[in-house]
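**Student:** Okay, here's the structure, questions in a sec.
We did not get these values from a lab; they are worked out from the coordinates using the rules stated. Just so you know, these numbers come straight off a predicted model, no measurement behind them. No Cβ is skipped: glycine too gets one built from the backbone with ideal geometry, and neighbour counts run over all protein chains shown.
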Amino acid sequence: MFIFKKSGDIREYLKTQAEQGLSTGFVPTMGALHEGHISLVKTAKDNSDVTIASIFVNPTQFNDPKDFKLYPKTLEKDIYMLEKAGCDVLYLPGVEELYPNGLPVNEHYNLGYLETVLDGKFRPGHFHGVCQVVSRLLHTIEPNQLFIGQKDYQQCLVIRKLVDLLNVKTEIIVCPTFREADGLAMSSRNMRLAPEQRINATGIYKSLIYIKDNITTALWQELKKAANEILVKHNLVPDYIEIADADTLELLNAPQNQKQIVALIAAFMGEVRLIDNMIIPLNFAPYGN
Ligand code: AMP
């Protein structure tokens, strides 16, 4: 695996690959890699000739400085995992490489409704930070395909919007959420959980399953209340439990004409904020029909 730290160097290398007619698949990450990240790398490998991953803990997307400071770093292990997965190229830029004019960055993206709900509402500025880093990475790598995880559902919609705004040709491939055996969505932040917290963190998955299993029988307000009780029983403190249109993230209290919806949860386990979601197909007639 080639490792590049400078944008000029990786661009030069990728130019030689493009000249040979090879396609590129890109997996951006913040490191502290787990099997969820590796599943994206493997999907990229299956779909493109040259697989590129990046590791960069992007300061501009952290609304909480403590979360940024405590974000896990396991670079040696990450490199080992990427090599084992057959990743061809790792881009490992420093802050000065991506933000040569320093921080903070004054750059606004018109994300509309998406920046007003869910993580947009609870983590002010977060998605602008995501857009700032992803736009720079896309500009440097110019991948044919970008592989991102459904785990960060709203981020997927934001990145789709960004690609439209930037008018780039990159195709976006959303990959399924990789879970631990007990259902907990894999996340770099899980490394920060104490053993008992780690066990209780499954409350998020249990809440989502509860919503999914009862979506056709219960009123959704009641469903969200019951899901909240599951979280609380597991010592989780929710930011939100919502059911939304899977395409637009419009928040719903009852089905309208959606073919599928998504249940989304963000909750704190101690100081660690975890998110997860579940897409739920709706194959019943809306109330009143
Ligand atoms: P992160 O390093 O957390 O910024 O994540 C990098 C990419 O990996 C993003 O596209 C995430 O959505 C994706 N990802 C994170 N966790 C998982 C998971 N458990 N399963 C699949 N993809 C994931």
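**Student:** So, in region 161-213, exactly how many residues are crowded, with 16+ Cβ neighbours inside 10 Å, away from the ligand (no atom under 16 Å from the Cβ) and over 23 Å from residue 39 (Cβ atoms)?
**Tutor:** 6
**Student:** Only one residue in 51, 60 is among the β-branched types (Val, Ile, Thr) and in a helix (DSSP H, G or I). Which one?
**Tutor:** Every option except 60 fails the conditions.
**Student:** Related question: Checking residue 7 against (1) closer than 16 Å to residue 136 by Cα; (2) hydroxyl-bearing (Ser, Thr, Tyr); (3) under 21 Å from the mean Cα position of the chain (by Cα), which single condition isn't satisfied?
**Tutor:** (3)
**Student:** Sticking with this one: Return the residues of region 25-44 that are in a helix (DSSP H, G or I), more than 9 Å from the ligand (Cβ to nearest atom) and under 15 Å from residue 171 (Cα atoms); say none if nothing qualifies.
**Tutor:** Of everything in region 25-44, those that are in a helix (DSSP H, G or I), more than 9 Å from the ligand (Cβ to nearest atom) and under 15 Å from residue 171 (Cα atoms) turn out to be 43, 44.
**Student:** Kindly indicate whether residue 41 is touching a residue at least 40 places away in the same chain (Cβ under 8 Å) and touching a His at 6+ places or on another chain (Cβ under 8 Å).
**Tutor:** Considered against the rule, which asks whether it is touching a residue at least 40 places away in the same chain (Cβ under 8 Å) and touching a His at 6+ places or on another chain (Cβ under 8 Å), residue 41 comes out as no.
**Student:** Can you tell me which residue among 170, 140, 116, 202 is in contact (Cβ under 8 Å) with a residue 24 or more places away in the chain, farther than 18 Å from residue 54 by Cβ and of a type in the set (S, T, N, Q)?
**Tutor:** 202
**Student:** If the requirement is being free of Cβ contacts under 8 Å to residues at least 12 places away in the same chain and under 23 Å from residue 48 (Cβ atoms), which of these qualifies: 78, 164, 88?
**Tutor:** 164
**Student:** May I ask you to list the residues in region 45-80 that are over 28 Å from residue 109 (Cβ atoms) and surrounded by fewer than 18 Cβ atoms within 10 Å (Cβ to Cβ)?
**Tutor:** If the condition is that a residue be over 28 Å from residue 109 (Cβ atoms) and surrounded by fewer than 18 Cβ atoms within 10 Å (Cβ to Cβ), then 46, 49, 74, 75, 76, 77, 80 are the ones that fit.
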